[in-house]
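K.L.:
Here it is: the structure, laid out below.
Throughout, read-outs are computed from the coordinates displayed, never taken from laboratory work. As the structure is a prediction and not an experimental result, all values here were calculated from the model. Cβ placement follows ideal geometry from the backbone for every residue including glycine, while neighbour counts extend to all protein chains displayed.
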Amino acid sequence: MILSKPFLSLVLPVYNEAQRLPQAIEKIDTFVRQNEYETEVLIVENGSTDETLSIAKNLSQNKPYLKVYEETQRGKGLAVRQGMLKARGKYRMMCDVDFSMPIEQVSWFIPPNLSDVEVAIGSREVPGARRFEEPAYRHLIGRVFNTMVRWLVLPGLHDTQCGFKCFHEDVVENVFPLQTLEGMSFDSEVLFIARKKGFSIKEVPIDWYFDPDSRVRLIQDSLRMAIDLITIRQNARKGLYDGQA
């Protein structure tokens, strides 16, 4: 069965997730079956060196809502962009495969729970959010980086790096083709472009559970992302975000 027009698309970028992917798909399958609206799921395999791709294809059998795409080049931002532009849902949500946010909370990002959605981003910092089992040093580094984000590109947003973000289809078509960053900082760039084009951004408080198997390299990735924030400012001055997608 081919879905004519899904209400929701879930986009999962995956890299070397052979161990966690089966559990993630099990959660997704339960979620899809429990909701009445049509949902499609796009797995974008991102140059893995393990069995992630073959496992994803095997898991997609007998699941008409699940599609698997292969992106041989590395980069989470690249994988998310590909998935967003291939998705067909009215609302398109990127999700980390570890589901550090309970999958049931996906419904908090879309109608009827959240009306007039343009961009809804999961936040671990706004009132109502809860963090579980996160080491203090990880939280501190995250707050330092967010301070840089607010100073340089996105004043007023408290958590731009959470891996759960939902976009209306109009935002996707106008923003993601203009994305230039393909690494970890793509979140900040996409939100910067969305705000520049006049789309509203809503922070949604979530429950978030620390995963000790996180793929984020604190020092290397933080330095790279700091440089990327300056790149975003430079791109804006050059007018790279001014054109039509």
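K.L.:
What are the residues in the stretch 175-213 that are in contact with a Pro (Cβ under 9 Å, 6 or more places away or on another chain) and of a type in the set (Val, Ile, Thr), if any?
P.N.:
Hit for the stretch 175-213 is Ile206, nothing else.
K.L.:
Which pairs turn up if I take residues in the stretch 53-73 that are in contact (Cβ under 8 Å) with a residue 12 or more places away in the chain and of a type in the set (Phe, Trp, Tyr) and look for partners that are surrounded by 18 or more Cβ atoms within 10 Å (Cβ to Cβ) and in a strand (DSSP E or B) with beta carbon separation below 9 Å, at least 6 apart in sequence or on another chain?
P.N.:
These pairs meet every condition: Tyr65/Thr39; Tyr65/Glu40; Tyr65/Val41; Tyr69/Leu42; Tyr69/Ile43; Tyr69/Val44; Tyr69/Glu45.
K.L.:
Hey, among the residues in the stretch 47-67 that are of a type in the set (S, T, N, Q) and outside any helix (DSSP H, G or I), which one's surrounded by the most Cβ atoms within 10 Å (Cβ to Cβ)?
P.N.:
Per the stated criteria, the residue is Ser48.
K.L.:
Please indicate, with yes or no, whether at least one residue in the stretch 68-88 is crowded, with 22+ Cβ neighbours inside 10 Å, of a type outside the set (Lys, Arg) and assigned to a loop (DSSP other than H, G, I, E, B).
P.N.:
yes
K.L.:
I'd like the full set of residues that are more than 26 Å from Met184 (Cα to Cα) and aliphatic (A, V, I, L, M), limited to the stretch 1-39.
P.N.:
Met1, Ile2, Leu3, Val32
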